[in-house]
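Just below is one structure, and these are the notes that go with it.
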Amino acid sequence: MQTPDPISKPITIAGHWNFEYRYFAGAVASRFFNEIKINRRIMGTRVPSTGRVLVPARSFCDASYERTGEWVEVGPEGTLDIFTIVAAKFPGLPDPPFVMGYVTLDGADTAVLNYVRGVDLTDIEAAGNKLMAKPRVRAIFSDVREGRITDFHFELIAPI
Amino acid sequence: MGISPNSAYIQGVAISVTWADAERSLPDLIFETVTGALSNAGAKMAEMDSVVLAAHDLVDGRSLSSMVTAPAAGAYMRDEIRLADDGLVAASLAAARIEAGESEFSVVAACGRASEGDFQRTSQTAFDPFMIQPLGLDEFSLSALRLSAWLQRHPGLEDSRRRAGQARARRAGSNGRALKSGGHAPNLWHPLRQEEAPCMADIVVAAILGPRPARVRIAGTGHSTDSSNVGDRDLLRMPSLAQAAERALSSASMQSRDIDLFELEGATLFDEAYALEVLGLAAPGQGFATYADGTGINPSGGGASGWCYPAMGLVRLAECYLQLTGQAQGVQVPGRLRAALATGFSPVGAQSHGAMVLVTA
């Protein structure tokens, strides 16, 4: 084996980004979060031309390209449309395994993402097969709420 | 629609798939790949008058990444456009400039070096900071959610799913341009399986475009963008992919049955296979089976040969070019190939799609 030439030794340096930002939610998303925080309810906004209720609430509909209007309370129950089960540890996320999925709340026309708790994940394949049945779920609000999407999660209404 | 007086032709391409090669910096890899594309085209950099580069700061870990990467693609004292978008979009823009008579010869390059960062983690930061980031979705979890919807409609297709995975691995094994060592698979979420992951790699791809008649002409392009709100999207219908392909075929005055070869981009095996159903090339539920058994469907091995955003749409296009010109080597599809369709997508979660139709001139 050849002795490495120190002059030719490749150099690698570490890099790290840690910039701080301040994101403005805007008036509509702020009300959406404050309704969760203060009134424990999930709100959508209605699209005037189509009548669709967009959840989470937003200021405009990108499909019809118009401002939204009326505020509409939705849920707290809904249907788990699609889901995924996270079995590996990811920075900033709960210890695995856990379920997250998109739920269309009653009265809404779009789905909202959140954790789905109360699912027996002893056997992930078996749990996944059961969740394919689009179970009904209910939004559960945290006792301490900060005006964040994580102020609530979903739980199965009936065991699967 | 006939052939434009300023049609854009692909003059040559090069693809580089490596992993953590400490002997080469990212600009080194770009320089070598662009040099390879020029050689493949029988052209010199002095003939080029424009450069279109697709790179992404978060992937490259360099703010304004293209400041250091564009010169390596030949941008010095040339008309250069930088895109934080998929490489196929860069090719589309270069072709449009040539067709408009704005450019004679253009270098198109795209790069993503997965070994220098953590693509899966940085992709989380591309999502909305209020609704999605706190819950940790990444570029691959959208595929898991889509698959859960597909399995609700099409349970019990285990055999075709397994055969598609085997076919993809076999094709990647025959592809001399595929990553041969190193790389890694991102952690996939259920119901995806690890063997359905892409092989994260350091990828640079380049193409030389120009109006000089060559063996392959760009006959049509299409683009489409879906809602930014994932909860609003029809994850199964994938309308932006369908619309982009329809527009590319329409502008080429062709239909999908006229296409001999498809290179369809996807973040996972499922997304590659499911694209066949979206484009009407496979019956509902038959995407995996068609992927496994079809001829001229991702013969490159797709993401199993190496994957890193934002290079992949241009890789799919370059693979089509190599097939149409008989240069695909170990994965060359037999018989005369006249037309090919390549697709690419942009984050977040394939919100935007592009498609391009190539025909032999």
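The values are calculated or read from the model by the stated rules, or taken from the named source; none is laboratory data. Keep in mind that what you see is a predicted model, and the values were worked out from it rather than measured. In this analysis, Cβ positions are derived from the backbone assuming ideal geometry, glycine residues included, and neighbour counts consider all displayed protein chains.
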Task: Condition check for A:ILE36: farther than 19 Å from B:THR225 by Cβ, in a helix (DSSP H, G or I), touching a helix residue (DSSP H, G or I) at 6+ places or on another chain (Cβ under 7 Å) and within 14 Å of chain B (Cβ to nearest Cβ) - done: yes
Open item on the list: Between a residue in the range B:18-32 that is free of Cβ contacts under 8 Å to residues at least 60 places away in the same chain and at negative phi and any residue that is in a helix (DSSP H, G or I) and among the small types (Gly, Ala, Ser), which pairs come within a Cβ distance under 8 Å, given they are 6 or more apart or on different chains?
Closed with: B:PRO27/B:ALA72; B:ASP28/B:ALA72; B:PHE31/B:ALA72; B:PHE31/B:ALA73
- [ ] Please identify the pairs in which a residue from the range A:1-21 that is at the interface with another protein chain (Cβ under 9 Å from one of its Cβ atoms) has its Cβ atom under 6 Å from the Cβ atom of a residue that is loosely packed, with under 10 Cβ neighbours inside 10 Å, counting only partners at least 6 apart or on another chain.
- [x] A:PRO10/B:GLU23
- [ ] Identify, from the list B:GLU158, B:GLU116, the residue that is touching a residue at least 24 places away in the same chain (Cβ under 8 Å) and not hydroxyl-bearing (Ser, Thr, Tyr).
- [x] B:GLU116
Open item on the list: Against the condition within 30 Å of B:ASN6 (Cβ to Cβ) and of a type in the set (Ser, Thr, Tyr), how does B:SER103 come out, does it pass?
Closed with: yes
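Here is a yes/no grid of residues against (1) surrounded by 24 or more Cβ atoms within 10 Å (Cβ to Cβ); (2) among the acidic types (Asp, Glu):
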{"residue": "B:GLN11", "(1), (2)": "yes, no"}
{"residue": "B:LEU26", "(1), (2)": "no, no"}
{"residue": "B:LEU29", "(1), (2)": "no, no"}
{"residue": "B:ALA43", "(1), (2)": "no, no"}
{"residue": "B:GLU47", "(1), (2)": "no, yes"}
{"residue": "B:ALA55", "(1), (2)": "yes, no"}
{"residue": "B:LEU58", "(1), (2)": "no, no"}
{"residue": "B:VAL68", "(1), (2)": "no, no"}
{"residue": "B:ARG97", "(1), (2)": "no, no"}
Open item on the list: Tell me the residue from B:ARG316, B:ARG237, B:ARG233, B:ARG247 that is among the charged types (D, E, K, R) and closer than 18 Å to B:ALA178 by Cβ, please.
Closed with: B:ARG316
Task: Wholly enclosed strands (runs of 3 or more DSSP E) of the range B:6-107 bearing at least 3 residues away from chain A (no Cβ under 14 Å) and at pLDDT below 95 - done: B:79-83
- [ ] Considering only the range A:44-70, state which residues are free of Cβ contacts under 8 Å to residues at least 24 places away in the same chain and either surrounded by fewer than 21 Cβ atoms within 10 Å (Cβ to Cβ) or outside any loop (DSSP other than H, G, I, E, B) (or both).
- [x] A:PRO48, A:SER49, A:THR50, A:GLY51, A:PHE60, A:CYS61, A:ASP62, A:ALA63, A:SER64, A:TYR65, A:GLU66, A:ARG67
Open item on the list: Can you find, within the range B:71-95, the residue that is farthest from the chain's Cα centre (by Cα) among those that are more than 24 Å from B:ILE218 (Cα to Cα) and surrounded by 17 or more Cβ atoms within 10 Å (Cβ to Cβ)?
Closed with: B:PRO71
Open item on the list: Residues to consider are B:ASP260, B:ASP234; find the one that is over 27 Å from B:LEU53 (Cα atoms) and free of Cβ contacts under 8 Å to residues at least 60 places away in the same chain.
Closed with: B:ASP234
Open item on the list: Given the options A:THR104, A:THR150, A:THR84, A:THR110, name the one that is within 11 Å of chain B (Cβ to nearest Cβ), part of a helix (DSSP H, G or I), modelled with pLDDT of 95 or more and under 30 Å from B:SER240 (Cβ atoms).
Closed with: A:THR150
- [ ] Within the range A:71-105, count every residue that is more than 16 Å from B:TRP189 (Cβ to Cβ) and surrounded by fewer than 14 Cβ atoms within 10 Å (Cβ to Cβ).
- [x] 0
Open item on the list: Looking only at the range B:25-58, count every residue that is under 30 Å from B:VAL348 (Cα atoms) and of a type in the set (S, T, N, Q) and tell me the total.
Closed with: 3
- [ ] Within the range B:210-249, count every residue that is buried (at least 23 other Cβ atoms within 10 Å of the Cβ), of a type in the set (A, V, I, L, M) and within 14 Å of another protein chain (Cβ to nearest Cβ).
- [x] 3
- [ ] Please indicate, with yes or no, whether at least one residue in the range B:183-198 is under 21 Å from B:GLN332 (Cα atoms) and not assigned by TED's automatic domain parsing to the domain that holds B:ALA114.
- [x] no
TODO: Go through A:VAL144, A:VAL137 for me and flag whichever is surrounded by 21 or more Cβ atoms within 10 Å (Cβ to Cβ), modelled with pLDDT of 95 or more and not in a helix (DSSP H, G or I).
DONE: A:VAL137
